[in-house]
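As structure tokens, the structure follows; a few thoughts come after it.
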Number of protein chains: 2
Amino acid sequence: MSANLRDVARQAGVSVGTVSNVLNRPDVVSPKTLERVQKTIAQLGFVPNGFARQLRSGYSRTIGLVVPDVANPFFTEVARGVEDAASKRDYAVFLCNSDESLEKENKYLSVLIQQQVRGVLITPSDSKSHQYENLRERGISVALLDTETKNASQCSVSVDDVRGGEIAIEHLASLGHREIAWVTGPETIPQVADRTAGVMRAAKIAKVEISTIRVALMNSAQGTDAVKKILALKKMPSAIFCGNDLLAFGVMRGLLDAGIKIPEDVSLLGYDDIAFGNSAAVPLSSISQPAYQLGVTAAELLISECEENEVHAHQQIKFQPQLVMRASTATKK
Amino acid sequence: MSANLRDVARQAGVSVGTVSNVLNRPDVVSPKTLERVQKTIAQLGFVPNGFARQLRSGYSRTIGLVVPDVANPFFTEVARGVEDAASKRDYAVFLCNSDESLEKENKYLSVLIQQQVRGVLITPSDSKSHQYENLRERGISVALLDTETKNASQCSVSVDDVRGGEIAIEHLASLGHREIAWVTGPETIPQVADRTAGVMRAAKIAKVEISTIRVALMNSAQGTDAVKKILALKKMPSAIFCGNDLLAFGVMRGLLDAGIKIPEDVSLLGYDDIAFGNSAAVPLSSISQPAYQLGVTAAELLISECEENEVHAHQQIKFQPQLVMRASTATKK
DNA sequence: GTGAAAGCGCTAACAG
DNA sequence: CTGTTAGCGCTTTCAC
């Protein structure tokens, strides 16, 4: 098969210890030996066996990334950020999709323990009961991604979802809308719950009436379905705010198909500001989150926690969402 | 820290060998012992150290996925498929973005070797010189993803890009278009080269004139830029075919901004049929590829190759692309 | 500056 | 059916 450290040692006429030193502490080896060994390594195409190395040293250079679904454009961006930042530090990333299922999440966590990852970046699929002690006891760092924690014993990187909900309603209210439909997923998802909290708080202040339309999954198809429910409301709202852009795209399709004009008849506002918003039938106004940045920051934070465990101070970083106004929201007629 | 196999053995009053048997060959252990050991395992929260296991057994349960960019919706879908299929077989997936750079690709390959992955699924960033012998010599299976190989010594799962190019031109030609712009990326990308080949072949048969507009990156921004070049052509084409949907969205934006109507003034056809096509300003006609299915198939093929190495017959699976007609293409006036 | 040797946690072969 | 033991490939003392 392939060369191992002993082969290199034999070939170069040195001991395994010396080869190991060449790999890990080249400054401690004499230049002559160093060069000879390195040449042999190249010649044999030797790549150290990560298992053995990590088994001995106790640490891997891998992290786990657990997100609800990479196919969700927001998390795609986050994942890309995580991967870039990890790669820069020579860490490899395990990708796991939990599909918001606690069962899948636990299964993955167990796999990640087996793989002896150094740390885990996770967007919990459930607001309560973060049973991550299990991981910490094993010396695996855990940082929360896109989720806030009040727990000072762990790092988190999140976006202020309450504020996001507020910004949305404030924006729509400032355009004169007083009846707004809020189309969103299950409240068990922390981000959803927070956005709802922000929506309700801002609605109270702005004296806006909110009709909540609940969908099971926040995708485009369910957005289109939601339109029927909106049309069935006692009073047609003059603006619709959606829990994410996917949902908003679906709603947009449903409205246009029903002959309802955006933003003339109804304003539509999304959340996430995914790349396609600008190419939509009606360019979509949205609440923007720094997804890529979120991923980069989280990965850097996690890796720094992994590597300087003693001196590490846990941080809770919170980004602020921003309104991106395009064509789908306008003054109420 | 955390319990190891020896701790379990001691606690349960058996030998390490027995615990190992409980883990790997439970049928060989007496029911009484089995139960006792399993209880101890649960009690101690023992999870076997994957390194040690794999170091000893020689095999990991991980695969590497190397794609140009997960943020590209096509590859996002593929990645999701790969992850789902791998997870079903209890494999973990390393995610790597090569950004079409050979250097990055090699760096990742080296990382994957270190991680001792069992197999690698890769979309090569370069049509020539697939130096994957290195991996095979190390017993790492390699399967090509979204790339065809004539080499019978490896598996590949791809979509017929030549045919895709043909379908596109045949469709546009059937609508009466005789001057078509082909907006696409560098020919070093195999998929691009194949689609171009299909375009040219079909164009010859249908007696269509093709003007090629080359962009460096196949994203939305460069699509918008490309519109300037299209408008500068001696003769304005009546249809535009884009190398992927991202590019097409950019072109769409550029055309609309220039006051050009789609499909009245010009037909626009994309490639990939990403989920947002339907939500675009003008619902985008596109050439559809079974991305998720591609990922699932590739992962299954790779894993089966890994596990039944001797009896494995290499397969080259090729999916067929399909035309999805929406509103952006129409008969030439 | 280099070599020898002891394990990291586990599996697998072999004895009992 | 269970226990003992020899490594997997590497890092890391500790001598020399």
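The values are calculated or read from the model by the stated rules, or taken from the named source; none is laboratory data. Just so you know, these numbers come straight off a predicted model, no measurement behind them. Neighbour counts run over all protein chains shown; Cβ positions are idealised from the backbone, glycine included.
Could you list, in sequence order, all residues of the range B:285-320 that are of a type in the set (D, E, K, R), buried (at least 17 other Cβ atoms within 10 Å of the Cβ) and more than 14 Å from the chain's Cα centre (by Cα)? So that I can check it myself, show each step before the final result.
Our first condition is that a residue be of a type in the set (D, E, K, R); within the range B:285-320, this holds for B:300, B:305, B:307-308, B:310, B:318.
From what's left, buried (at least 17 other Cβ atoms within 10 Å of the Cβ): B:300, B:305.
Matches in the range B:285-320: B:Glu305 only.
Taking the range B:164-195 as the region of interest, how many residues are touching a residue at least 24 places away in the same chain (Cβ under 8 Å) and assigned to a loop (DSSP other than H, G, I, E, B)?
Within the range B:164-195, residues that are touching a residue at least 24 places away in the same chain (Cβ under 8 Å) and assigned to a loop (DSSP other than H, G, I, E, B) number 8.
Pairs under 6 Å by beta carbon, first residue on the phi < 0 side of the Ramachandran plot in the range A:305-333, partner charged (D, E, K, R) and modelled with pLDDT of 95 or more, six or more apart or different chains?
A:Lys318/A:Asp160; A:Gln320/A:Asp160; A:Val324/A:Asp273
Do we find that A:Ala206 is touching a residue at least 24 places away in the same chain (Cβ under 8 Å), touching a Ser or Thr at 6+ places or on another chain (Cβ under 9 Å) and more than 27 Å from B:Ser279 (Cβ to Cβ) in this structure? Please lay out each step first, then the result.
On the way: touching a residue at least 24 places away in the same chain (Cβ under 8 Å): yes; touching a Ser or Thr at 6+ places or on another chain (Cβ under 9 Å): yes; more than 27 Å from B:Ser279 (Cβ to Cβ): yes.
For A:Ala206, the condition - touching a residue at least 24 places away in the same chain (Cβ under 8 Å), touching a Ser or Thr at 6+ places or on another chain (Cβ under 9 Å) and more than 27 Å from B:Ser279 (Cβ to Cβ) - is met.
Hey, can you tell me all the residues within the range A:68-95 that are without any contact (Cβ under 8 Å) to a residue 40 or more places away in the chain and part of a loop (DSSP other than H, G, I, E, B)?
Scanning the range A:68-95 gives A:Asp69, A:Val70, A:Ala71, A:Asp90.
Where residues in the range B:1-22 are within 14 Å of chain A (Cβ to nearest Cβ) and surrounded by fewer than 18 Cβ atoms within 10 Å (Cβ to Cβ), which of them is farthest from DNA strand D (Cβ to nearest atom)? Don't jump to the end; show me each part of the working.
So the first thing to find is which residues in the range B:1-22 are within 14 Å of chain A (Cβ to nearest Cβ), and the list is B:1-5, B:7.
From what's left, surrounded by fewer than 18 Cβ atoms within 10 Å (Cβ to Cβ): B:1-2, B:4, B:7.
Working: B:Met1: 16, B:Ser2: 18, B:Asn4: 12, B:Asp7: 14 Å.
My answer is B:Ser2.
What are the residues in the range B:96-106 that are more than 7 Å from every other protein chain (Cβ to nearest Cβ) and in a strand (DSSP E or B), if any? Break it down into steps so the answer makes sense when it comes.
Residues of the range B:96-106 more than 7 Å from every other protein chain (Cβ to nearest Cβ): B:96, B:98-106.
Hit for the range B:96-106 is B:Cys96, nothing else.
What are the residues in the range B:76-92 that are β-branched (Val, Ile, Thr) and facing another protein chain (nearest Cβ under 7 Å), if any?
Of all residues in the range B:76-92, those β-branched (Val, Ile, Thr) come to B:76, B:78, B:82.
The one that is β-branched (Val, Ile, Thr) and facing another protein chain (nearest Cβ under 7 Å): B:Thr76.
Of the residues in the range B:66-116, how many are under 19 Å from A:Asn49 (Cα atoms) and small (Gly, Ala, Ser)?
Matching residues across the range B:66-116 total 2.
Tell me whether the range A:90-100 contains one or more residues that are within 16 Å of DNA strand C (Cβ to nearest atom) and either among the β-branched types (Val, Ile, Thr) or surrounded by fewer than 16 Cβ atoms within 10 Å (Cβ to Cβ) (or both). Give the steps one after another, and end with the answer.
The initial filter retains those residues of the range A:90-100 that are within 16 Å of DNA strand C (Cβ to nearest atom), namely none.
No.
Report whether or not A:Arg163 is under 30 Å from A:Ile205 (Cβ atoms) and basic (Lys, Arg). Explain how you work it out, then say what you get.
Numbers: under 30 Å from A:Ile205 (Cβ atoms): yes; basic (Lys, Arg): yes.
Answer is yes for this residue.
Say we look at the range B:113-143 and pick out the residues that are surrounded by fewer than 19 Cβ atoms within 10 Å (Cβ to Cβ), closer than 24 Å to B:Val296 by Cα and in contact with a helix residue (DSSP H, G or I) (Cβ under 7 Å, 6 or more places away or on another chain); which of these is farthest from the other protein chains (Cβ to nearest Cβ)?
It comes out as B:Ser127.
Inspect all residues belonging to the range B:97-116 and state whether any of them is under 30 Å from A:Phe75 (Cα atoms), touching an Asp or Glu at 6+ places or on another chain (Cβ under 9 Å) and within 16 Å of DNA strand D (Cβ to nearest atom).
Scanning the range B:97-116, I find at least one residue that is under 30 Å from A:Phe75 (Cα atoms), touching an Asp or Glu at 6+ places or on another chain (Cβ under 9 Å) and within 16 Å of DNA strand D (Cβ to nearest atom), so the answer is yes.
Output the residues belonging to the range A:1-32 that are more than 8 Å from DNA strand C (Cβ to nearest atom) and assigned to a loop (DSSP other than H, G, I, E, B).
Of everything in the range A:1-32, those that are more than 8 Å from DNA strand C (Cβ to nearest atom) and assigned to a loop (DSSP other than H, G, I, E, B) turn out to be A:Met1, A:Ser2, A:Ala3, A:Asn4, A:Arg25.
Would you check which residues across the range A:23-44 are within 14 Å of chain B (Cβ to nearest Cβ) and away from DNA strand D (no atom under 11 Å from the Cβ) and list them?
Residues satisfying the conditions are A:Ala42, A:Gln43.
Which of the residues spanning the range A:121-161 are of a type in the set (Asp, Glu) and either assigned to a loop (DSSP other than H, G, I, E, B) or at positive phi (or both)? First the steps, then the outcome.
We begin by selecting, within the range A:121-161, every residue of a type in the set (Asp, Glu); these are A:126, A:133, A:137, A:146, A:148, A:160-161.
Selection gives A:Asp126, A:Asp146, A:Glu148, A:Asp160.
Give me the pairs, please: first residue somewhere in the range A:43-62 and on the phi > 0 side of the Ramachandran plot, second residue anywhere and of a type in the set (A, V, I, L, M, F, W, C) and more than 8 Å from DNA strand D (Cβ to nearest atom), beta-carbon distance under 6 Å, and either six or more positions apart or on two chains.
That search, which allows pairs on different chains as well, returns nothing.
Can you say whether A:Lys128 is over 28 Å from B:Glu105 (Cα atoms) and either in the same structural domain as A:Asp194 (by TED's automatic domain parsing) or modelled with pLDDT of 90 or more (or both), as far as the supplied structure shows?
No: the conditions fail for A:Lys128.
In the range A:202-223, which residues are surrounded by fewer than 21 Cβ atoms within 10 Å (Cβ to Cβ), under 26 Å from the mean Cα position of the chain (by Cα) and within 22 Å of A:Ala330 (Cα to Cα)?
Selection gives A:Thr212 alone.
Which residue pairs have Cβ atoms closer than 8 Å, lie 6 or more positions apart in sequence or on different chains, and pair a first residue in the range B:13-36 that is within 16 Å of B:Pro48 (Cβ to Cβ) with a second residue that is within 8 Å of DNA strand D (Cβ to nearest atom) and not in a helix (DSSP H, G or I)?
Filtered contacts from the range B:13-36: B:Thr18/B:Val29; B:Asn21/B:Val29; B:Val22/B:Val29.
The rows are residues; the columns are (1) surrounded by fewer than 23 Cβ atoms within 10 Å (Cβ to Cβ); (2) of a type outside the set (S, T, N, Q); (3) at pLDDT below 90.
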residue	(1), (2), (3)
B:Arg36	yes, yes, no
B:Gln43	yes, no, yes
B:Ala52	yes, yes, yes
B:Ala86	no, yes, no
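In the range A:217-333, which helices (runs of 4 or more DSSP H) lie fully inside it and hold 3 or more residues that are in contact with a helix residue (DSSP H, G or I) (Cβ under 8 Å, 6 or more places away or on another chain) and under 17 Å from A:Leu172 (Cβ atoms)?
Fully inside the range A:217-333 and qualifying: A:245-257.
Do we have A:Ser60 as near DNA strand D (Cβ under 8 Å from one of its atoms) and either touching a strand residue (DSSP E or B) at 6+ places or on another chain (Cβ under 6 Å) or of a type in the set (Gly, Ala, Ser) (or both) here? It would help to see each step written out before you state the result.
Details: near DNA strand D (Cβ under 8 Å from one of its atoms): no; either touching a strand residue (DSSP E or B) at 6+ places or on another chain (Cβ under 6 Å) or of a type in the set (Gly, Ala, Ser) (or both): yes.
So A:Ser60 fails the test.
This table checks each residue for (1) out of contact with any Gly (no Cβ under 6 Å at 6 or more places or on another chain); (2) at the interface with chain B (Cβ under 7 Å from one of its Cβ atoms); (3) small (Gly, Ala, Ser); (4) more than 18 Å from B:Ala86 (Cα to Cα).
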site	(1), (2), (3), (4)
A:Val70	yes, yes, no, no
A:Phe74	yes, no, no, yes
A:Phe94	no, yes, no, no
A:Val111	yes, yes, no, no
